[in-house]
1. With Glu494, Glu562 as the choices, which residue is acidic (Asp, Glu), out of contact with any strand residue (DSSP E or B) (no Cβ under 7 Å at 6 or more places or on another chain), at pLDDT 90 or above and exposed (fewer than 13 other Cβ atoms within 10 Å of the Cβ)?
2. Looking at segment 421-470, which of its residues are near the ligand (Cβ under 9 Å from one of its atoms), outside any loop (DSSP other than H, G, I, E, B) and free of Cβ contacts under 8 Å to residues at least 40 places away in the same chain?
3. What's the number of the only condition in (1) within 20 Å of Asn399 (Cβ to Cβ); (2) modelled with pLDDT of 95 or more that Trp158 fails to meet?
4. Going by the structure shown, is Phe317 touching a helix residue (DSSP H, G or I) at 6+ places or on another chain (Cβ under 8 Å), outside any helix (DSSP H, G or I) and either of a type in the set (D, E, K, R) or not assigned by TED's automatic domain parsing to the domain that holds Ile386 (or both)?
5. Ile386 fails exactly one of the following numbered conditions: (1) closer than 21 Å to Phe408 by Cβ; (2) surrounded by 15 or more Cβ atoms within 10 Å (Cβ to Cβ); (3) without any contact (Cβ under 8 Å) to a residue 40 or more places away in the chain. What is the number of that condition?
6. Residue pairs, Cβ under 9 Å, 6 or more apart or interchain, first in segment 265-276 and closer than 16 Å to Gly225 by Cα and assigned to a helix (DSSP H, G or I), second away from the ligand (no atom under 16 Å from the Cβ) and not small (Gly, Ala, Ser). List them.
7. Which of the residues that make up segment 329-359 are buried (at least 24 other Cβ atoms within 10 Å of the Cβ) and acidic (Asp, Glu)?
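The values are calculated or read from the model by the stated rules, or taken from the named source; none is laboratory data. Here the structure is a predicted model, which is why all the values come from computation and not from measurement. We place every Cβ from the backbone using ideal geometry, glycine too, and count neighbours over all the protein chains shown.
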Amino acid sequence: MLHKGAEPVAPASTLVDRLRWRAEHQSSRRALSFLLDGEHDIRHLTYAELDHTARVIAAHLQRLVQPGERVLLAYPPGLAYVTAFLGCLYAGAVAVPTYPPRPNRSWTRFEAIARDAKPRFMLTSSDLETVWKQGDAGAAQPLHRVVTEALTDCAADWLPPDVNQASLAFLQYTSGSTGTPKGVMISHGNLWHNLGVIQSRFEHSAQSVGVIWLPPYHDMGLIGGILQPLYAGFPVVLMSPLACIQRPLRWLQAITRYRATTSGGPNFAYDWCVERISEAKRAGLDLSSWDVAFNGAEPISAATLDRFANAFAPFGFRRQAFYPCYGLAESTLYVAGGGKAASPVIEPAPPARPRVGCGQPAPGHQLVIAHPETRTPCPEGEVGEIWVRGPSVAQGYWNQPAETETTFQAYLAESGEGPFLRTGDLGLVQRGELFVTGRMKELMIIDGRNLYPHDLEHTVAQYHSGFVAGGGVAFSIDGPGGERLVIVQEVKREYLQKTALPPLVSAVRQAIATEYEASVYGVALVKPGCIPKTSSGKPQRLQCRQAYLQQTLDPVLTWQAETRDVPAN
Ligand code: 1ZZ
């Protein structure tokens, strides 16, 4: 699996073995760095330090939990989070990363994950003390908190865990809505295979350098941004997503300063750089070291690639560095992408926008475009559901046998070939190149966040007493810069006066910004009873979306963002 030029490392078959090997043979090499302020204040960890802290945490855990038991992780982005994650793996426990609850924000998702994974212990940091004081983290079930900075050094007590490729490494909670999250079960083997695939496709070597601002709790930030550098043995400089969102210039400055070769994010991040880094501020950037600018996790826009390449070519950015790729947590992370040196493949698709190719399936994996109803393979060039099979496909959803069977055990109708993972994404393959064209599942991806319509509808309805409960619909449309969010909401009769309506538009936008850190592109307020519903009273999102686009909704007030809004934090 290793490509030419990769350093020779001892054969190992889990990340724990690999890190132990590095701690022994490359002890003083820099493993991870974290930019505390996103700019200059930096902390580093060598492989020896990383391994030592992981053993301290693991030795403590080994006294507390059984092998294979789930352990919740609640940390702000930073090195302590990474050592806690690795501590779980070193202990033979199953790590459960979460977005930590934040002061004065809803705990729904955190609590739902805790309820679903049923951990007895949570590893956390003293940084979150005020949060734990506010809420009752143990409300769902008894959950003991272990603050990892405070642990005494008992690294010598650590016992190598009895894990192999079949053992679970962690649960990735991404799919499913806030109220009913689904934990994708990632085994050590899944992780190992996917990390190998990424290394070979990105041609990572000890000479590579990463700069990563992606959320470390999500597959792309965790596996791509943190575990891939550790696996392949190259340094990475991390910063918090907030540091980048507040000032995208920090991202490109870090690439310049650390001579990064690998960096990237969802499509929207490239747009942000063009929109929010003025020409004056671009002076001094040098992006010439950047040779894998990966773009994945949401639909990729050819216009974004053009804009970014044009804006930053004078600062050393090379268009062929763009690396469009496709993946999902259910297949660990990476499913398809091109060769490192290949330029992005862009095909016209009138009247739709040009399509950007996501390369070829990962080595050792099979990709089929299947007709979602007949379950037969689609002919070349025809759109169908993307099905995947191979060693990166996860073990299923934690504790959800029915959902696991539907999603992870699909078989082709005539040949009986399988089991395949049904991705819920639509796409086509043309001359071996995968194009992702749409989605069957309800998921929306706004500002890089995976959002489910009914969560947003619920949040908005609760946010203001002027909204009709159950009378709102969230959907996405193809807007400037890609997928944009629209909310149509019924307003109670007593609020239907001119002066009462504008604050309601603000309430919708604020509800979404506060709870999801995503921006709203369009709001339409309508009278009670205007939202089309099914006979059982469920809002019909598709119909509502169509009425919105055809302007047949008859709203009492509409609002549309002039440009791309920056989500409030
Ligand atoms: P998640 C060193 N989607 O988003 C760094 N890609 O997982 C290596 N839609 O489960 C980085 N076009 O949250 C390698 N191209 O959401 C990164 O997102 C490889 O609807 C990309 O089902 C990994 C992305 C992982 C991720 C998955 C859903 C998918 C799909 C959508 C992802 C897409 C894309 C269109 C793309």
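1. After ruling out the rest, the residue left standing is Glu494.
2. Hits for segment 421-470 are Gly424, Arg439.
3. (1)
4. When the stated conditions are applied, Phe317 passes them.
5. Exception for Ile386: condition (3).
6. Ala269/Ile245; Ala269/Pro248
7. If the condition is that a residue be buried (at least 24 other Cβ atoms within 10 Å of the Cβ) and acidic (Asp, Glu), then Glu330 is the only one that fits.
Yes/no matrix, rows are residues, columns are (1) closer than 27 Å to Phe294 by Cα; (2) β-branched (Val, Ile, Thr); (3) more than 14 Å from the ligand (Cβ to nearest atom); (4) not in a loop (DSSP other than H, G, I, E, B):
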{"site": "Lys340", "(1), (2), (3), (4)": "yes, no, no, no"}
{"site": "Pro348", "(1), (2), (3), (4)": "yes, no, yes, yes"}
{"site": "Gly364", "(1), (2), (3), (4)": "yes, no, yes, no"}
{"site": "Val368", "(1), (2), (3), (4)": "yes, yes, yes, yes"}
{"site": "Gly381", "(1), (2), (3), (4)": "yes, no, yes, no"}
{"site": "Trp387", "(1), (2), (3), (4)": "yes, no, no, yes"}
{"site": "Ala402", "(1), (2), (3), (4)": "no, no, yes, yes"}
{"site": "Leu412", "(1), (2), (3), (4)": "no, no, yes, no"}
